[in-house]
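All remarks here apply to the structure that follows.
Throughout, read-outs are computed from the coordinates displayed, never taken from laboratory work. Just so it is clear, the model here is predicted, and its values are computed rather than measured. Positions of Cβ are generated from backbone atoms using ideal geometry, with glycine treated the same way; all protein chains shown enter the neighbour counts.
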Amino acid sequence: MLDVDQRTPPLLVHEGEGFRLESFPLGTRVVYPPETLPGLRDVDAAIASALDHPHNSEPLRALLRPGMRLTIAFDDLSLPLPPMRPPDIRGRVIEQVLTLAAEAGVDDVVLIAANALHRRMTGPEIRRIVGERVYRSFWPDALYNHDAEDPGNLLHIGLTDMGEDVEINRRAAESDLLVYVNINLVAMDGGHKSVPVGLASYNSLRHHHNSATMVHSRSFMDPEHSALHSSATRMGRLLARHVKIFTIETTLNNQTFPASMPFLVKREWEWSLRDQAMAYAMSRGLPLLPSPARRKIFRDLVADYGVTGVHAGETEAAHQRTLAAVHRQQLVEVNGQSDVLVLGLPYLCPYNVNSVMNPILATCLGLGYLFNMYRGRPLVRQGGALILYHPVPWEFSQVHHPSYVDFFEEVLAESTDPATIEAKFEKQYATDPWYIHLYRTSHAYHGVHPFYMWYWGAHALDHLDEVVWVGGDRRACARMGFRSATTLHDALEMVSGAVGTSPSITYLHSPPHAISDVR
């Protein structure tokens with residue numbers, strides 16, 4: 001039996017559309033995100049300076065001329081999480097780019113949301129990103145979602161030296177200048193992962209969004225050791241020989257939640273009496289609300305992010321500065337690994353904005369994203385255990401995630417091994433006419449998307465011996481090959497065969513984001 005009579009004071013743990021105050025066994029190591037950095041005092045001036053003094057590039061105004069074809073691409077609604085309080089930094093950047101273009105006499109301008117195989121955004125969702133003035137001026141003819149299944153609007157650029165197809169949006173590829181505007185929320189984002197991924201087709205994406213690449217990406221937050229990023233870099237360098245690309249990257253601080261919920265971004269011992277009362281009331285009150293009411297509370301949350309940096313120019317030169325800015329905000333030095341890693345999963349991931357967190361997305365968030373929030377080595381040792389807090393409801397959006405339903409009920413019923421799934425089922429889902437129709441005409445993620453989400457967890461599945469969900473729906477967890485526990489004590493009992501009865505435990509206190517630099 002585990003000796004867990006001695007426990008820490010309660011810590012806040014996210015668990016989907018709610019959170020709980022949990023007491024951990026004494027000796028649990030808690031990794032907190034760094035204090036939030038101050039935002040730039042004059043964001044518009046920082047944007048202007050970045051455009052006028054780019055890295056390894058001429059100033060943007062020098063690249064603009066009358067009669068040219070200018071395309072501006074930008075990250076879709078998968079970033080940032082939660083959405084930032086308007087005005088969105090992408091819209092502010094785009095407005096300055098358009099002003100310079102107008103002054104230079106450029107009148108052939110198109111804006112494209114780089115959604116790759118993500119769902120098409122609605123008009124209001126795009127308007128929130130680009131702002132009212134840009135939206136009114138360009139939507140829908142010259143401001144639209146990328147369509148990765150429109151053969152007439154794709155251009156095959158060539159093959160990398162590793163035989164990878166590089167195929168992107170034709171308008172972007174045939175432009176005299178392609179400007180890409182991003183938000184680098186975490187170290188995984190940006191760089192060559194922007195254009196070759198966000199504007200790509202399945203034919204191109206399949207080279208790095210596969211089980212073999214994912215299992216050898218250690219980690220996604222450490223691009224130098226990520227096979228995914230290595231592939232994207234090869235593609236990006238090939239693209240740069242055919243298309244003039246001017247990258248504009250932005251970084252945010254850790255002010256992830258609104259000022260109305262200050263306890264969510266504080267360490268527990270820093271809570272005021274008001275914070276303590278609010279945390280207690282919400283942890284008890286939220287479970288009593290019906291799911292639609294709970295979901296609305298969280299969907300309406302906007303973050304009071306501060307912009308910490310704007311860097312522009314040649315992609316790799318700008319991204320080097322961007323990564324440094326991300327690390328200044330998120331990097332935490334940690335000594336050694338633990339037997340058990342505990343993660344609380346929030347209500348939101350990049351693929352359920354304004355939608356439902358289904359079991360596959362919960363797995364992607366936990367095993368794909370939060371497990372990989374490290375540089376160097378994972379927080380948990382090889383053969384260790386991962387304990388996740390989330391209800392894992394057997395619930396799907398038929399509008400946004402239709403292929404997920406079939407993947408969950410048919411594919412995972414036969415196998416949960418990423419390589420087996422890829423070999424046996426991926427092509428069928430990727431080329432299914434109905435899924436392609438829904439992707440192109442509705443607001444559905446591409447038919448192959450649930451496969452990619454499952455592959456995101458391949459490295460964690462290869463690294464860990466045990467995965468247990470606290471509070472998870474037992475049927476949903478079992479379908480994915482996992483176990484469910486009612487309490488943390490029960491979960492520790494369940495993993496004791498792999499980690500012993502007195503395991504070392506690390507709790508990654510997230511969000512806000514922290515990248516553990518594990519030595």
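Would region 30-149 count as rounded, prolate or oblate if I go by the C-alpha gyration tensor, calling it rounded below 1.5 in a/c and otherwise prolate when a/b exceeds b/c, oblate otherwise?
Oblate is the answer for region 30-149, as a/c is 1.5 or above yet b/c matches or exceeds a/b.
Can you grab the distance from the C-alpha centre of region 440-472 to the C-alpha centre of region 502-519, Å, no decimals?
Going from one Cα centre to the other spans 21 Å.
Let's test the formula: R0 of 25 Å, r as the Cβ-Cβ distance of Lys266 and Arg133. What FRET efficiency results, to the nearest 0.05?
Values: r = 37 Å, r/R0 = 1.47.
So the FRET efficiency works out to roughly 0.10.
Take the Cβ-Cβ distance between Arg85 and Leu289 as r, set R0 to 30 Å, and report the resulting FRET efficiency rounded to the nearest 0.05. Walk me through the numbers on the way to the answer.
Details: r = 24 Å, r/R0 = 0.81.
Efficiency for this residue pair is about 0.80.
Quickly work out the Ser49-to-Arg170 label distance, labels modelled 7 Å from Cα along the C-beta direction, and quote it in nm with one decimal.
4.3
Do the sum for the chain: with -39,500 (n - 2.57) for every DSSP H run of n ≥ 4, divided by all residues, what is the mean residue ellipticity at 222 nm, to the nearest 500 deg cm²/dmol? Walk me through the intermediate numbers first.
Details: 21 runs with 176 residues, N = 519.
Here the helix-only value at 222 nm equals -9500 deg cm²/dmol.
Taking 0.36 nm per intervening residue step and subtracting the Cα-Cα distance, what contour gain separates Asp108 from Val30 on full extension?
Residue separation times 0.36 nm, minus the Cα-Cα distance, leaves 22.8 nm.
Dividing the alpha-carbon radius of gyration of region 43-252 by 2.2 N^0.38 Å (N being the number of residues), what value is obtained? Mind dumping the intermediate values first?
Working: Rg = 16.4 Å, N = 210, 2.2 N^0.38 = 16.8 Å.
Ratio of Rg to 2.2 N^0.38 Å for region 43-252: 0.98.
Neighbour counts of other C-beta atoms within 10 Å: give me Thr233, Thr322 arranged from fewest to most.
Working: Thr233 20, Thr322 26.
Final ranking by Cβ density, sparse to dense: Thr233, Thr322.
Check Phe24: other-chain or 5+ apart residues with amide H under 5 Å from its amide H, H built from backbone geometry?
The answer is Thr8, Leu11.
Starting at the first residue of region 309-319, write each ³J(HN,Hα) from the Karplus equation 6.51 cos²θ - 1.76 cosθ + 1.60 with θ = phi - 60°, in whole Hz, x for Gly and Pro.
x, 9, 10, 9, x, 4, 3, 5, 5, 5, 5
Distance in nm between label sites at Gln382 and Glu493, each 7 Å beyond Cα in the beta-carbon direction?
Placing both labels 7 Å along Cα→Cβ, they lie 3.2 nm apart.
Using 0.36 nm per residue of separation minus the Cα-Cα distance, give me the extension gain between Asp406 and Thr420 in nm, one decimal.
Gain in length upon complete extension: 3.4 nm.
To the nearest 0.05, what FRET efficiency results for Arg7 and Ile297 with a Förster distance of 35 Å applied to their C-beta separation?
With R0 = 35 Å, the Cβ-Cβ based efficiency is 0.75.
Taking the structure as given and computing Rg and Dmax of the Cα atoms in Å, which label from (i) 22.5, 76; (ii) 24.6, 79; (iii) 22.1, 69 fits?
(i)
Filter Lys193/Lys427; Lys193/Lys266; Lys296/Lys427 down to the pairs with a C-alpha to C-alpha distance above 26 Å, please.
Where the Cα-Cα span goes over 26 Å, the pairs concerned are Lys193/Lys266; Lys296/Lys427.
Viscosity 0.890 mPa s, temperature 25 °C: Stokes-Einstein D of region 60-102 from its Kirkwood Cα radius, in µm² per second? Walk me through the numbers on the way to the answer.
On the way: Rh = 12.1 Å.
It diffuses with D of about 203 µm²/s by this estimate.
With everything on Cα atoms, drop me the angle between helix 89-103 and the longest principal axis of the chain, reported from 0 to 90° to the nearest 10.
It is inclined by approximately 10 degrees.
Once you have the Cα-Cα distance between Ala277 and Lys427, take 0.36 nm times their residue separation minus that, and quote the gain in nm to one decimal.
48.8 nm
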